[in-house]
Structure formats: structure tokens, C-alpha cells
Amino acid sequence: MRKLAQLRYKMNPYQLEVMGGTLEDITETINALSGAELDNLPEFGLLRIIEQYISYREKGLGNDEAIQVLNQSHAGLVAAMGGYLPMMNAPYSLPTYAEHFLECTNSGRSPLDSEFIAAAIAEVYNFYGRE
């Protein structure tokens, strides 16, 4: 999780400039976060989506079905918290679902760009030894 948060800043030096720090400063800050604080980062939501997707695929669900099941389960959780997550329309892919989820749960604007989402998916797949 911390590695994904650090990757976000490595990929976007402008964010470092805005925050007025260096990558080392950001890494130190991220490493000092508690588990509960990490859970509130958008990278944590993305990590959970990727892990759940991998789990559904390993259980034999196809891509489209895995995305639809993720969307249905997340819609229920978001609704229980007073929010709204509409069902995504085809075509279904993990990057587009992640962006859909992040946009809908962050006032219509994903805090993570599509380039980072793709890199994070690759990083998590690599971590779990998946392709």
C-alpha cells in the first residue's frame, strides 16, 4: 500500500512541487501514516479493487462478470454509507472500473489519473505474481 502511494508521487513530480517537498519527504510522511490513515488514501481503495478483481478471476469469473460483481458489491457498500455508485456500462475492464469507482466516490473526479491506475494495476499484479 505504501509503495502505491509513493509511486503516485514518483509518477507526478508536479504534486511534489505543489506540496513543497521532495520524494524523500513524501516517503517519510507516507511511512509514518497509521493503518487507519492509509485506509483513507485513494490508493487503498484502488488496491482493494485490484485485489478483489484478482480474487474473483481466480474463482473462475470472467472479466465482465468480475467487474459486474465488483460494481454490485461496491454499490451496496456505497449506498449503505449514503452515497451512490451507478452500474458501469460495457465495455468492462479493470482500469475503467477503477476509474468509475474513484470518480463516483470522489465527487465526480478521480483523485488518481488513468496512467497511475494502469501502473498501480501492473504493480499489484507483479506483487502477486499475476499477469
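At a glance:
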{"read-out": "Per-region count, the stretch 27-45, residues of a type in the set (A, V, I, L, M) and more than 19 Å from the chain's Cα centre (by Cα)", "value": "1"}
{"read-out": "Scope the stretch 14-55; condition surrounded by 12 or more Cβ atoms within 10 Å (Cβ to Cβ), among the aliphatic types (A, V, I, L, M) and part of a helix (DSSP H, G or I); matching residues", "value": "16, 19, 23, 26, 30, 38, 46, 47, 49, 50, 54"}
{"read-out": "Any hit, the stretch 100-118, residues being hydroxyl-bearing (Ser, Thr, Tyr), within 15 Å of the chain's Cα centre (by Cα) and modelled with pLDDT of 95 or more", "value": "no"}
{"read-out": "Residue that is nearest to residue 65 (Cα to Cα) [pool: residues in the stretch 87-107 that are in a loop (DSSP other than H, G, I, E, B) and either of a type in the set (Val, Ile, Thr) or in contact with a Phe, Trp or Tyr (Cβ under 7 Å, 6 or more places away or on another chain) (or both)]", "value": "88"}
{"read-out": "Per-region count, the stretch 111-131, residues within 9 Å of residue 46 (Cβ to Cβ) and part of a helix (DSSP H, G or I)", "value": "5"}
{"read-out": "Residues (closer than 21 Å to residue 120 by Cβ, of a type outside the set (A, V, I, L, M) and surrounded by 13 or more Cβ atoms within 10 Å (Cβ to Cβ)) located in the stretch 56-72", "value": "56, 57, 63, 71"}
{"read-out": "Any hit, the stretch 71-87, residues being of a type outside the set (Phe, Trp, Tyr) and under 14 Å from the mean Cα position of the chain (by Cα)", "value": "yes"}
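The values are calculated or read from the model by the stated rules, or taken from the named source; none is laboratory data. Just so you know, these numbers come straight off a predicted model, no measurement behind them. All Cβ positions, even for glycine, are placed from backbone atoms using ideal geometry, and neighbour counts span all protein chains on display.
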